[in-house]
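Participant: Below you will find the structure I want to go over with you.
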Amino acid sequence: SSTMTTFPPMPLLPISSPSTISACRELPLRPSDIFVCSYPKSGTTWTQHIVLTLLLADRKYKIAASTPCDSDAGKDDLAYNHVSDYAPFFEIDAHWQSSSSTNSTKVLADSVRENHDRLGRRVFNTHLRWDMLPKQREASGGTPQNDDNEGYDADNTRSSDDNDSHIHKERPQCGKFIYVTRNQIDVVASFYHHLSNQIEGTYTDTFETFLRDWMDGKIPFGSSLHHLIGFAGGFADNLYDTSRGHDDIGDDESTGVTDQPLLLLSYEKMKSNLRTEVLRIISFLNLTHIPSHVLEEEILP
């Protein structure tokens, strides 16, 4: 059964258009995709850094293990100057472009796809609610695996008002979603300072007014409570949609481990016991070759 909760439409920053938000929802998922999800100012960039550091370490091990010791091919110098190089902001217009085949279809920008190809998998950070994120698995032709879906058409799109106004307990067909939460008092204080000092959508009123607007869901990305409730729908059973019979996701009967699409992290737990939370991320992403020095020297304080 499906439970639906009606929300007001999510306010967006000027850098995100309704057509991009719809394209985000329709992106065909891959099993290796990772989304670092949060309401703004909840520890997103910190989590992105941890995830990318782990992925690069795992990638380096696999490359070295698959090439001769005396071969230069086994050397991996992939690095990043900023987390957005390999974990870009999912819902901004700059990271999408018109399809080369038709101007009415949006696809990921060439720069985003090139960096993801170098990394070997796709990683995004996002502040969209659970119901606004993609759920359909990519078919062999690169489109969502839905017989009724012919791709996203910007000329025939629903606006963000009617596309994103409710949530379902909807299971994704694949992909990994890490959801980071933080104490709401800290969130609102940090978000006020952030929006008051950024170029796009600068907030110019007082903190008292900001607090009222934030509680009313009038600030970009809407109500943090709605965000939490939206993801609660995903965590309600935290299972994949396996109705199409994919055998690379779901329960691992040999180990008794249940593969789940969502991992819940909290900023406060990361501050108090980062090692434990990083180990949870490693397990969740099924990364089996992380050297101890990566944790000790690159991630842990």
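The values are calculated or read from the model by the stated rules, or taken from the named source; none is laboratory data. Everything quoted here is computed from the prediction, not taken from an experiment. The accessibility values were calculated without ligands, DNA or RNA, using every heavy atom of the protein model including side chains. Shrake-Rupley method; radii C 1.70, N 1.55, O 1.52, S 1.80 Å.
Participant: Can you work out the accessible area per residue across the range 1-44, with the rest of the protein chains kept in place, probe 1.4 Å, in square angstrom? Could the numbers behind the result be given before it?
Facilitator: Details: 1540 Å² over 44 residues.
Here the residues of the range 1-44 average 35 Å² of exposed surface.
Participant: What is the extension gain from residue 287 to residue 228, computed as 0.36 nm multiplied by their sequence separation minus the C-alpha to C-alpha distance, in nm to one decimal?
Facilitator: Numbers: separation 59, 0.36 × 59 = 21.24 nm, distance 2.74 nm.
Full-extension gain reported as 18.5 nm.
Participant: In the range 255-301, carbon and sulfur make up what percent of the accessible area (probe 1.4 Å)? Could you put the intermediate results ahead of the total?
Facilitator: On the way: 1370 of 2690 Å².
Carbon and sulfur atoms account for 51 percent of the accessible area of the range 255-301.
Participant: Right, next: Quick one: length gained pulling residue 279 to residue 242 fully straight, 0.36 nm per residue minus the C-alpha distance? Kindly include the intermediate steps, with their values, before the conclusion.
Facilitator: On the way: separation 37, 0.36 × 37 = 13.32 nm, distance 2.69 nm.
This chain segment gains 10.6 nm when fully extended.
Participant: While we're on this one: Give 106/269; 135/271; 106/271; 176/271; 106/135; 106/176 a once-over and call out the pairs whose C-alpha atoms are over 29 Å from each other. Intermediate values should be presented prior to the final figure.
Facilitator: Working: 106/269 38 Å; 135/271 31 Å; 106/271 39 Å; 176/271 23 Å; 106/135 17 Å; 106/176 23 Å.
Among 106/269; 135/271; 106/271; 176/271; 106/135; 106/176, the Cα-Cα distance tops 29 Å for 106/269; 135/271; 106/271.
Participant: Out of residues 5 or more away from residue 181 or on other chains, whose amide H comes under 5 Å of its own, with H placed 1.01 Å from N in the peptide plane?
Facilitator: Placed amide hydrogens put 265, 266, 267 under 5 Å from residue 181.
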